[in-house]
Amino acid sequence: MKSRILAILRKEFIHIIRDSKSLVIIFLMPLAMIFLFGYAITFEIDVIKLGLLDYDRSAESRNLLQKCTRSGYFRLERVCKDHDDIKRAILNRDINLALVIPENYSQALQAEEAEIQLIVDGSNANSAIIASNYAKFVIAEYRMSFIRKSAGLVSVSPRIYYNPNLESTVFIVPGLVAVLLMMICAMLTSITIVREKETGTLEQILVSPVSPREIIIGKVTPYIIVGFLVAMAVLVFGKLVFAVPFRGSPLLLALLSVTYIYASLSLGVFISTKAKTQQVALMLSVLTTLLPSVLLSGFMFPIASMPSILRYLTHIIPAKYYLLIIRGVMLKGISFYQLYLPTIFLVLFGTLFLIVSMKRFNVKLEG
């Protein structure tokens, strides 16, 4: 049995090595994607174009404007004459947000009754929420600093763990590793058996004294090694280019990554036993890996905010569990004790699909 598996392994390694162009793509594509997505996907806004309508024109209103512009979030683009001028500026995309300071603002500020109107361009909901939150934060900070001077109040100084600067890349890059590994590994193995059918070499394997279990193991194992190398390359690339912190054990992450690669490859083998052509196999692998990993894993959208049906569906998404692993190890430095449940799920997920694939392949042998 061992010699037969080694023979399949050797055959599959020869396929991989001889297809040098695909091998280059396998390594370059995830690096290129993590480079592009790491810079393109961000939840931050570098500069918010600010409009100002100041009815008060006092020292306090000017100090508030300086507080906004010096914060680094806002750039004053336009001093508006009235509300109609604000509407025109937003319509022409000259400003993203307008700050309306009412009359007698300075007196109201001293009486702790000051109110400021924010008019936000809501055509992009995400940008509108971020811009308004930035403005509320700066205004609240200015108001508290003004009140502290007169009343001596105690200030609040928040401290943020694991990502103190709230950088999007620290959150996104580990998630991209999970998405890319699932997609690449499933695509690699989804065409293995289908390729044998199309090239006519499957018949030669079927007449040989090799069981379906030996064929599946022999075909999956080389891609576990390739997937592991891709994972390490992506992690090193993310560390060097985006300076993502790595607070945990590299050995622990490497071992747990193997379980995720195993689950991804098993799904690809399952797809390979169902598909009849390589094109169909590739389409199925993208449909069952890329979309669920991006939308339902917690990579882009918080699972707690999803409808109850989708929240239940996320329990069968492997990327969800690997996100807990990679973010936990890289960003928090947690140990295996906190990660054994996600690891068990990935092992069970991969084993289930591998067993089903063997049985499906066995049926084809008998048929």
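The values are calculated or read from the model by the stated rules, or taken from the named source; none is laboratory data. All of these numbers come straight from a predicted model, not from anything done at the bench. Neighbour counts are summed over all protein chains in view; Cβ atoms, including those assigned to glycine, are modelled from backbone coordinates with ideal geometry.
With the structure loaded, tell me whether Ile16 is closer than 30 Å to Phe301 by Cβ, at pLDDT below 85, in a helix (DSSP H, G or I) and in contact with a Leu (Cβ under 9 Å, 6 or more places away or on another chain) or whether it fails that test.
Spelling it out, it is not the case that Ile16 is closer than 30 Å to Phe301 by Cβ, at pLDDT below 85, in a helix (DSSP H, G or I) and in contact with a Leu (Cβ under 9 Å, 6 or more places away or on another chain).
With respect to Val210, determine if the residue is of a type in the set (Val, Ile, Thr), outside any helix (DSSP H, G or I) and modelled with pLDDT under 85. Spell out how you get there, then give the answer.
Numbers: of a type in the set (Val, Ile, Thr): yes; outside any helix (DSSP H, G or I): yes; modelled with pLDDT under 85: yes.
Yes, satisfied.
Out of all the residues in the stretch 151-159, is one or more among the basic types (Lys, Arg) and either within 23 Å of the chain's Cα centre (by Cα) or modelled with pLDDT of 75 or more (or both)?
Looking through the stretch 151-159, none of the residues is among the basic types (Lys, Arg) and either within 23 Å of the chain's Cα centre (by Cα) or modelled with pLDDT of 75 or more (or both).
Restricting to helices (runs of 4 or more DSSP H) lying wholly in the stretch 55-138: which have 2 or more residues that are in contact (Cβ under 8 Å) with a residue 60 or more places away in the chain?
Answer list for the stretch 55-138: 59-70.
Yes/no matrix, rows are residues, columns are (1) out of contact with any Phe, Trp or Tyr (no Cβ under 9 Å at 6 or more places or on another chain); (2) surrounded by fewer than 18 Cβ atoms within 10 Å (Cβ to Cβ):
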residue: Gly38; (1), (2): no, no
residue: Asp56; (1), (2): no, no
residue: Lys67; (1), (2): no, yes
residue: Arg93; (1), (2): yes, yes
residue: Leu99; (1), (2): no, no
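Please specify each residue of the stretch 272-298 satisfying the condition of being assigned to a loop (DSSP other than H, G, I, E, B), on the phi < 0 side of the Ramachandran plot, at pLDDT 85 or above and not aliphatic (A, V, I, L, M).
So in the stretch 272-298, the residues assigned to a loop (DSSP other than H, G, I, E, B) come out as 275-277, 296-298.
Restricting the remaining residues to those that are on the phi < 0 side of the Ramachandran plot gives 275-277, 296-297.
Filter again for at pLDDT 85 or above, leaving 296-297.
If the condition is that a residue be assigned to a loop (DSSP other than H, G, I, E, B), on the phi < 0 side of the Ramachandran plot, at pLDDT 85 or above and not aliphatic (A, V, I, L, M), then Ser297 is the only one that fits.
What do you reckon, is Arg4 buried (at least 16 other Cβ atoms within 10 Å of the Cβ) and modelled with pLDDT under 85?
yes
Provide a single number: the residues in the stretch 32-54 that are part of a helix (DSSP H, G or I) and farther than 26 Å from Leu166 by Cβ.
Residues of the stretch 32-54 that are part of a helix (DSSP H, G or I), as a first pass: 32-40.
Imposing the further condition that a residue be farther than 26 Å from Leu166 by Cβ reduces the set to 32.
Here the count works out to 1.
Taking Phe349 and the conditions (1) of a type in the set (Phe, Trp, Tyr); (2) more than 30 Å from Phe242 (Cα to Cα); (3) not in a helix (DSSP H, G or I), which numbered condition does it fall short on, given that it satisfies the others?
Answer for Phe349: the failing condition is (3).
Here is a list of conditions, (1) at pLDDT below 80; (2) surrounded by fewer than 19 Cβ atoms within 10 Å (Cβ to Cβ); (3) among the β-branched types (Val, Ile, Thr); (4) assigned to a helix (DSSP H, G or I), and Ile193 meets all of them except one; can you say which number that is?
Every condition holds for Ile193 apart from (2).
Does the stretch 229-271 hold any residues that are closer than 13 Å to Arg327 by Cα, under 19 Å from the mean Cα position of the chain (by Cα) and hydroxyl-bearing (Ser, Thr, Tyr), and which are they?
Selection gives Ser257 alone.
Among the residues of the stretch 231-264, what is the count of those that are surrounded by fewer than 16 Cβ atoms within 10 Å (Cβ to Cβ), part of a loop (DSSP other than H, G, I, E, B) and of a type in the set (A, V, I, L, M)?
Residues in the stretch 231-264 being surrounded by fewer than 16 Cβ atoms within 10 Å (Cβ to Cβ), part of a loop (DSSP other than H, G, I, E, B) and of a type in the set (A, V, I, L, M): 1 in total.
Which of (1) in a helix (DSSP H, G or I); (2) surrounded by 12 or more Cβ atoms within 10 Å (Cβ to Cβ) does Ala304 not meet, given it meets every other one?
Looking at each condition in turn, Ala304 falls short on (2).
Among the listed residues Lys49, Lys81, identify the single one that is more than 29 Å from Met144 (Cβ to Cβ) and at pLDDT 85 or above.
Numbers: Lys49 fails: more than 29 Å from Met144 (Cβ to Cβ).
Within the list Lys49, Lys81, the selection yields Lys81.
Given Tyr340, Tyr262, which one is in contact (Cβ under 8 Å) with a residue 24 or more places away in the chain and assigned by TED's automatic domain parsing to the domain that holds Leu36?
After ruling out the rest, the residue left standing is Tyr262.
Looking at this structure, is Leu97 touching a His at 6+ places or on another chain (Cβ under 8 Å) and modelled with pLDDT of 85 or more?
Values: touching a His at 6+ places or on another chain (Cβ under 8 Å): no; modelled with pLDDT of 85 or more: yes.
No, not satisfied.
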